[in-house]
Each structure stands twice: as structure tokens, then as C-alpha cells.
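> Can you read through this structure? Questions will come right after.
The values are calculated or read from the model by the stated rules, or taken from the named source; none is laboratory data. Please read these numbers as outputs of a predicted model, since none were measured by experiment. Neighbour counts are summed over all protein chains in view; Cβ atoms, including those assigned to glycine, are modelled from backbone coordinates with ideal geometry.
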Number of protein chains: 2
Amino acid sequence: MTVLDVTTASDNISMLMQEIGVEARAAARVLAKAPTKQKDAALLAAAAAIRADIDDILSANEADLIDAKHKGLSPALLDRLTLNDQRVEAIARALEDIAALPDPVGTRLAEWDRPNGLHIERVRVPLGVIGIIYESRPNVTADAGALCMKAGNAAILRGGSESLRSNRAIHDALMQGVMSAGLPETSIQLIPTTDRAAVGEMLRGLDGNIDVIVPRGGKSLVARVQDEARVPVFAHLEGICHVYVDAKSNLDMAREILLNAKLRRTGVCGSAETLLVDQACAKETLPTLVKALLDAGCEVRGDEATCAVDTRVKPASEDDWHTEYLDAIIAVRLVKGVEGAINHIARYGSNHTESIVTDDAATAERFLNEVDSAIVLHNASTQFADGGEFGMGAEIGISTGKFHARGPVGVEQLTSFKYVVRGNGQIRP
Amino acid sequence: MTVLDVTTASDNISMLMQEIGVEARAAARVLAKAPTKQKDAALLAAAAAIRADIDDILSANEADLIDAKHKGLSPALLDRLTLNDQRVEAIARALEDIAALPDPVGTRLAEWDRPNGLHIERVRVPLGVIGIIYESRPNVTADAGALCMKAGNAAILRGGSESLRSNRAIHDALMQGVMSAGLPETSIQLIPTTDRAAVGEMLRGLDGNIDVIVPRGGKSLVARVQDEARVPVFAHLEGICHVYVDAKSNLDMAREILLNAKLRRTGVCGSAETLLVDQACAKETLPTLVKALLDAGCEVRGDEATCAVDTRVKPASEDDWHTEYLDAIIAVRLVKGVEGAINHIARYGSNHTESIVTDDAATAERFLNEVDSAIVLHNASTQFADGGEFGMGAEIGISTGKFHARGPVGVEQLTSFKYVVRGNGQIRP
């Protein structure tokens, strides 16, 4: 009996998900040709509905929170799940911000003429259907759905089970906006079940009806998605970001950038995890930087030279160079100039974001050219690794892939392109 | 004993392949910073070496051909394997053509300033290491290796087993060019074994040391690669290309384009496989086009209306709309205007290349906008689906993916990009 039940349940999930995929593809065809005004009207109406529905949203969230506390969720997770007046207002404002972004769809990326008279254009088009798998952060429901819509894509959202009621309330508001603008109800679909089999179905791509998966959450979620997905994934597994301080650097600037890169927020993917110091400036720079970190409350794990600087420094192990702490901990080592830094990053980095602090232009260029990361910075904090800080308006995440979307994934990165060729009867000889 | 032998052999293959991956990654780091002149010098010297080594290349090819005939390879495959004076000269010239292309690496794709003074650039960088898995066409050894090198990538080549001697002789010439220019010997590696386990290792990505796989060959090769690869793949499984002839079209132009699209070469991915005719012009246009196809020696499989045109027409089955014939066969049906054509293509197409013939600009725009294919054409033959015809100089294939490389995959598509951010001490508030 139990076995039979399970089979039936998972068959039902499978059927439900296939249907969601078919509906999403149909919606995507409508969204692909929807005018900018119509998409923006949907987003603005959704923002208004979020504000109008604030009581419903907060009471749904309250119910989620009660269950989550019973389950014993950690304070950090509870905080991410929690909504209040300000956070709901921020959700509504984010929708308006996304509406205000330029519409990438239809943009001509290039155009040229061929000797035979053919005129070729490369034109931005939506990607199609985007699946978003995220942990229990209700704001992602609105952000992700809206970014997908702005770029003319249908979205299939699968949020963390602890936030299902909150997500539903927010999704209801989105749907009011979408439908008031005359767009399909299935433009943004929220998976109505917390059954984990639904995630498996999404990772298999719903019969070709999902074009890309974006996981938003911790490393274990991203790792599962990257391992199991049979469709492309926009994600970064981890951000082991480096700051390299060159001998020819301004020490005050180096300290400011380092402290900001490590400690402004330690839990974000662009926070620095390793400090590399040019051995040519071991005497003054290393102790100054290490003491500044320690005095700011940061744990320092260092190589031999770093341990010699201060008794509070703990010895680093090989593992430390590979670790994304996401905490007030940093690994520190001396390297042989910029080449040593480049080699260390090539070996231990995660191709996310790295910064060099130097006053030497040639050294900076070498670092910027040779470090193979999505974002490389000169004399600036790694914490600028963010779509908003890049001026992209909003991002759905940061990708360390080398394909298509690299770095912040904003509206533009949620598009593809096609070649439009115009002729007057050309045939190929 | 046998089991032990097999284990040992496959362990050896695995070790060999891992080593090839590590070497390729190291070469990629050198190639990424190699100046354009150095890469071009390597390609020009390789072209000279191909010409100088023509006797070695032809005798290696002769030996391959003898074995292949013993194995009973089909005439088409034997033809693809065969080299002669002209074909070797074409290989050398292709290398020179690739050297003459602009170098995409380092190109600034975009740049902008942020209010805080950060200057952000989006700069083209090589992809890294590209694996090419191809059937027994020796020219691919040179073409693919050269395209990868031009874009600053290391290449790992796995050619069909029947062409191993020819590939080796061509690869030797490439290596002379590469080494004379002072680039790493491992810039272009040819897998020295015909063991199929090597392909499996490549598809698993050699421990992260392959960034993309490009399969070049028939549908079964591409299907295997797409199914098994754990790294991104640039490919198209099939090209079920459509020509739609609208009621408001010039019948002479429609006939010329159709005959060219179907019959210029029937074995290429851009050849038309299905003709869709607007039902509003069923009376004159349909019979004219169908008879033109039949008279040109093309088999026609049609819907009811098409069968009624001529006794030589065979009835089409549901399968025919899904079929890439790669032969002088075409499926023909009436559709309800451009909308019917768009819907048919959405259902049966392979997102490769489709053409509309019409004199009505609004109808053309609708088709170009709403058909979701890598290439959409107005009043031109589908056989223009080719990197050379697009002016890209050379292509490694055509991709129907929506990511990164869509349409012809030329030198530019073999690159990625990174963000280079220049500051003067900016930290994030």
C-alpha cells in the first residue's frame, strides 16, 4: 500500500510538473513578443498589489515563521524568512526598479551587410523558460519572477518549503499584476508543493521546457543543482575571493580595501577569503594589515611569516587556501610578487572575484589580464561584486561559468540572441 | 587475466587523459596571454609545414584509406576521409584565412563609469580548453585546432579512428608551426589512441580541464556527446529547416529560393527539409513549387492538398514533419498563413534555420520575431546558414543552444569575457 501510494504521488508530481513545463513554454511564446509597456505595466501593478496585500503577506509569513520556529530553524534562516513592513515595501520597490530598467529584448547587438546584399542582424531575444530553485527567502519570489518577466521569459519558481505560505501570498500579488496587464497567468508559476520530487523534475528540464536553472542558496543547494541538472545552470558554487597587496602599493589604501573586502559583510559571495601579500613588502605591509584585521575582530590563519607577526595568528593548513569561510576569518600568505599571486589564485581560486592593490600600472595590467575570474579589480574592494554595484539594476545571482552569463546575472544575461537575415531573393551559389 | 588487462588499459587511458587535461590547462594559460602576432605566426608556419609535408600527409592518408576500405566504409565516409593535392592545399589555405581573421581576445565589449568613480570594462578572454570530437575528416584536425588557437584556447582533438594516421601527419605539421612561434607544444593535442574510453574521459571533462566540447559529425555522435557530456557542448543535433512561402510572395523568387534551400547540397545542416505553403495561395503557388521540386529530382511527401497536385507526390506521415532527410526528399504542407507557419515550426522545428518568402514587410517581421531559431531569414535561402557566408571567416560548427554560442560558431564564439574594474581605493559603503 505504502509503495503504491508513493508511486501514485510521484506520478502525480511528475504529471503536475510536465504540465507546468508545457504551460510555461506557451507563456514564454506570448512573453517573447510582449511589448515593453505591457511587461512594465504588469510589474508596476504587481508592486501596487504587494502593497495592497501587505496584511495577507505578513499573516502568511507569520504562519510560516511559527512552523519554522517549531522545526528549530537557525536564527540566520529565520531572519531570511522574516518579513515586516519595511521588507514588504522593499519588495514592492524592487519590482518598480526592475520595471524602470531598459528592456533588453529586441536590442540590435550587431549588424552588417554581406557582399551579396544580405543584411544580417544579431538581435537579443528572451531565453525562454527559467527555473529558479531557492531557499526560504520570500523576496526571491518577487525579484526572480520580475527579472525573468522583464527579459521576456516565463519563470518556474520553487522556493524553500518553510516559506511556502509567504511565497504564495507574494505570488498572488504578482499574478494580479500580470493578469491586469493582460499577460498569461502562467508567466510566473510557483510550484504548489513542497515535495522534493518536484526539484528533481525541474533539474531534468521538464521535457525540454526549462532552458536554464538558477539556484539561489547555500553551497549544498548549488552543488546539488550543478551535479544533477541536465540543463544549463547559472551559478557560482563558492566565492573564494582574493586580495593581493603588491609591494608598490599605498598602505592606507590597501588596509581600507582589505578591511572592506573582508569585513563589510562576511556572508556575501564577494567577501575576501584570502589575503596575498607581496614578499617584497613583508616587513611593514604584512604586520600592518594583519594587525588591522585582528584588531577589527577577524581571525587570521597564516603561513609561517604571518604567524610570526602576531601571537593571535593561527597557522593555516592547506585546507584554508581552499575555504570560503563566509565569516570573520581570513587566510593570509606571502607570495612572490604578482606572478606568485596569479599562480596562487589559479590553483586555489573559484574564478569569482579578485582584487589587486598596487600603484604600478604594469603590474595591475598583468594581474587584470592573467587572473581568470569573472571579475578582476584594481584598487577596489571585492565587495563590489554585485549587479547593483555594476549598475545593472538588479541581479538574480553571480555566475562563475564561462558561458553566456559570467559575473552578475541581470536582466541582460537572462536573454539569448538570434540572427535575423534580410534578403531580396539571394540563393547560395 | 583479460579482466585485469582491461582494467590496466583503462586505468592507463584515464591517466593519459588526465595528463592531457593538465597539460592543456597549462598551455591555455600561456595562450591566453599570447600576442596576436605570435598566434598568427604559428598558424602561418603551420600552413607552410602542411605544404612542405604534403608527401607525408598523403601517404599517411593512403594507409588510412586502405584500412578503411578493408573495413568496408561507405563511399560517403571514404570520400570525407580522402585527401589529395587540392584538399591539402585547401587545408593550408584555411590556416592562412584563420590567421587573417581579427583576434577577438582583449576586445572591449562594453565599458562604463559608476558614480563612485569605478571604471568597468567587459573584455573578451579565451574560453580556456576546448575538446573537439569528430568523425574521420582529417581537415577538421587543422581547422579546429587553428580556430581554437586564434581565440587563445588550447585544443584537445579526438578524431575518428579511421583517420588516425592522417590526423597525426597533419598534427605534426601544426606542431612545427606552433613550436616555431614559441608556443607550447601542448597548445593543440591530438589524442594518440583510438580507444573509445578516451572519449568518455573527455565527456567527463578531465577534472575540470575541458571547458567546452564541440562534436563534429553525424546525429549519433552529437546525440552521444549531448547525452553524456558533463561539460557544456556547442552543437546542433539536427537541422530541420523550413521554408515558408506566403501568399503575398513573388512566385519566381519563391521557387529559386526553395530549390536552392533544398537541393544545392542536401547533406548540409542548413538544407530545407519542410516546405510550408500559405493556404491562401494553394491554387497556383503550391502546384508550381511542387512540380519544380519533382522535376528537379526531389521526392515530395505531402499533406492531402499536396498529394492532389501531382501523382508523383507520396503521402506524408506525422514522422515526416520531424525528419531531417539530408537527402533529396522534402515534406510539404499547407498552413494557415504566417501564424500557421510559426506554429508548425514551434512544434516540429529544431531551432536551427528557417526562411520566409514574402513581399509583405509586416508578415516578414512577424515571422522573424516569433520564430525561435538561431537563424531566421527573409527572402533568402536557408543554405546561407554558415559561418563563412555570415562573414565570420570560418566556423567550427553551428549551435542551436540558446547559450553563449548560437548559430555559426566562429572564432568570436570560442571566447568568453570578464569584467575588469579599475578604481582608486573605492570601498563599498
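> In the range B:298-314, what count of residues is obtained for those that are closer than 20 Å to B:R347 by Cα and assigned to a strand (DSSP E or B)?
Looking only at that region, the number is 2.
> Starting from the range B:389-403, keep only residues that are over 19 Å from A:V421 (Cα atoms), then list their pairs with residues that are among the hydroxyl-bearing types (S, T, Y) and at pLDDT 85 or above whose Cβ atoms are within a distance under 9 Å, requiring at least 6 positions of separation or different chains.
B:F403/A:S416
> Looking at the range B:264-275, which of its residues are under 20 Å from the mean Cα position of the chain (by Cα) and either of a type in the set (V, I, T) or more than 8 Å from chain A (Cβ to nearest Cβ) (or both)?
Correct list: B:R265, B:T266, B:G267, B:V268, B:C269, B:G270, B:S271, B:A272, B:E273.
> So, in the range A:55-75, how many residues would count as being surrounded by 13 or more Cβ atoms within 10 Å (Cβ to Cβ) and either at pLDDT below 95 or in a loop (DSSP other than H, G, I, E, B) (or both)?
Counting residues in the range A:55-75 that are surrounded by 13 or more Cβ atoms within 10 Å (Cβ to Cβ) and either at pLDDT below 95 or in a loop (DSSP other than H, G, I, E, B) (or both) gives 1.
> Hey, does the range B:157-166 have a residue that's crowded, with 20+ Cβ neighbours inside 10 Å and either hydrophobic (A, V, I, L, M, F, W, C) or outside the structural domain of B:K219 (by TED's automatic domain parsing) (or both)?
Yes.
> Now, a different point. Hey, among B:V338, B:V332, which residue is part of a strand (DSSP E or B) and surrounded by 22 or more Cβ atoms within 10 Å (Cβ to Cβ)?
B:V332
> When you go through B:A26, B:A42, B:A52, B:A32 one by one, which is the residue that is in contact with a helix residue (DSSP H, G or I) (Cβ under 9 Å, 6 or more places away or on another chain), surrounded by 22 or more Cβ atoms within 10 Å (Cβ to Cβ) and touching a residue at least 60 places away in the same chain (Cβ under 8 Å)?
Going through B:A26, B:A42, B:A52, B:A32 in turn, just one is in contact with a helix residue (DSSP H, G or I) (Cβ under 9 Å, 6 or more places away or on another chain), surrounded by 22 or more Cβ atoms within 10 Å (Cβ to Cβ) and touching a residue at least 60 places away in the same chain (Cβ under 8 Å): B:A42.
> Okay, moving on. Only one of these is at pLDDT 95 or above, surrounded by fewer than 24 Cβ atoms within 10 Å (Cβ to Cβ) and either farther than 30 Å from A:I375 by Cβ or within 24 Å of the chain's Cα centre (by Cα) (or both): B:A142, B:A151, B:A181. Name it.
B:A181
> Does A:G270 qualify as being in contact (Cβ under 8 Å) with a residue 24 or more places away in the chain, surrounded by 18 or more Cβ atoms within 10 Å (Cβ to Cβ) and in the same structural domain as A:Y348 (by TED's automatic domain parsing)?
Yes; evaluated as a whole, the condition is true for this residue.
> Give me a count of the residues in the range B:188-220 that are acidic (D, E), surrounded by 15 or more Cβ atoms within 10 Å (Cβ to Cβ) and at pLDDT below 95.
The qualifying residues number 2.
> Here's a follow-up. Those residues that are more than 10 Å from chain A (Cβ to nearest Cβ), among the hydrophobic types (A, V, I, L, M, F, W, C) and closer than 20 Å to A:R428 by Cβ, I need them from the range B:356-366; list them, please.
B:I356
> Of everything in the range B:353-378, what is touching a residue at least 40 places away in the same chain (Cβ under 8 Å), under 14 Å from B:V335 (Cβ atoms) and charged (D, E, K, R)? Give them in sequence order.
B:E354
> Among the candidates A:V309, A:V290, which residue alone is among the β-branched types (V, I, T) and touching a Pro at 6+ places or on another chain (Cβ under 8 Å)?
A:V309
> Still on this structure, please answer the following. Scan (1) more than 9 Å from chain B (Cβ to nearest Cβ); (2) under 14 Å from the mean Cα position of the chain (by Cα); (3) of a type in the set (G, A, S) for the single condition A:A328 breaks and write down its number.
Just one mismatch for A:A328, condition (2).
> Counting only residues that are surrounded by fewer than 24 Cβ atoms within 10 Å (Cβ to Cβ) and more than 7 Å from chain A (Cβ to nearest Cβ), which one in the range B:373-388 is nearest to B:V409 (Cα to Cα)?
Within the range B:373-388, the match that is nearest to B:V409 (Cα to Cα) is B:G387.
> Okay, moving on. Every residue in the range A:391-423 that is within 13 Å of the chain's Cα centre (by Cα), part of a loop (DSSP other than H, G, I, E, B), at the interface with chain B (Cβ under 9 Å from one of its Cβ atoms) and not aliphatic (A, V, I, L, M), please.
Scanning the range A:391-423 gives A:G401, A:R406.
> Let me ask something additional. Quick check on the range B:317-327. Is at least one of its residues crowded, with 16+ Cβ neighbours inside 10 Å and either part of a strand (DSSP E or B) or small (G, A, S) (or both)?
No, the range B:317-327 has no match at all.
> Then there's this: Just to check your reading of the model, which residue among B:A144, B:A110, B:A151 is among the small types (G, A, S) and away from chain A (no Cβ under 13 Å)?
B:A144
> Something else about it: Quick check on A:A331: is it at pLDDT 90 or above, out of contact with any helix residue (DSSP H, G or I) (no Cβ under 7 Å at 6 or more places or on another chain) and not charged (D, E, K, R)?
no
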